[in-house]
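K.L.:
The structure under discussion is supplied below as structure tokens; questions concerning it will follow.
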């Protein structure tokens, strides 16, 4: 009986270790990410940045399809940027994602949505996992006399990962159609630009 108990314990440990190894090998298969920008194109403030990496799991190139909205939910710009395997893409919010708005207005706040795609083109992307990212921006510190809190009346940098989100086929079609409209009817506006390979900042 004692021997049976030892064998059973060893078997249980083996199963737990195998399960742990399997859990560690499960990757993030997200294909759609969201974030926001605030205080963009504001005099006296540094630029904000969105950084995207390709985890290299597919062994090939992926494209980050960007859809940039203002705070009234209107698409301002869209584009598709190459991210090579194990590569890094850094996009300036002011100079690349908001420099050529469809409506021509200066946007200070809004949403950025990103689709990880195995094919180029924001109007006909093919969602595929492998991209991950974060954004760096600036927020006004809370006005306070508490020494434990941020400096009074100062803008402080923040960085957070892009939020994994659910992409429905309906929303994917909506993003692609809005982008197509911006490209075809924007007379050159409404299209963002991409950082060249090996020129990340």
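Yes or no, residue by residue, for (1) touching a strand residue (DSSP E or B) at 6+ places or on another chain (Cβ under 8 Å); (2) at pLDDT 95 or above; (3) loosely packed, with under 12 Cβ neighbours inside 10 Å; (4) part of a helix (DSSP H, G or I):
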| position | (1), (2), (3), (4) |
| --- | --- |
| 115 | yes, yes, no, no |
| 120 | yes, yes, no, no |
| 125 | yes, no, no, no |
| 133 | yes, yes, no, no |
| 139 | yes, no, no, no |
| 148 | no, no, yes, no |
| 173 | no, yes, yes, yes |
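K.L.:
Report, ordered by the first and then the second residue, all pairs with beta carbons closer than 9 Å, sequence separation of six or more or different chains, a first member in the stretch 97-121 that is on the phi > 0 side of the Ramachandran plot and without any contact (Cβ under 8 Å) to a residue 40 or more places away in the chain, and a second member that is part of a loop (DSSP other than H, G, I, E, B) and buried (at least 21 other Cβ atoms within 10 Å of the Cβ).
P.N.:
Listed by first residue and then by second, the contacts come to nothing, as the list is empty.
K.L.:
Name every residue in the stretch 152-170 that is over 16 Å from the mean Cα position of the chain (by Cα) and touching a residue at least 12 places away in the same chain (Cβ under 8 Å), in order of residue number.
P.N.:
The answer is 153, 154, 155, 156, 157.
K.L.:
Next question. Looking only at residues in the stretch 150-171 that are assigned to a strand (DSSP E or B) and closer than 18 Å to residue 35 by Cα, which one is modelled with the lowest pLDDT?
P.N.:
156
K.L.:
Another question, then. How many residues are closer than 21 Å to residue 134 by Cβ and touching a strand residue (DSSP E or B) at 6+ places or on another chain (Cβ under 7 Å) when one looks only at the stretch 52-70?
P.N.:
The number of residues fulfilling the criteria is 13.
The values are calculated or read from the model by the stated rules, or taken from the named source; none is laboratory data. All values derive from a computational prediction rather than experimental measurement. Positions of Cβ are generated from backbone atoms using ideal geometry, with glycine treated the same way; all protein chains shown enter the neighbour counts.
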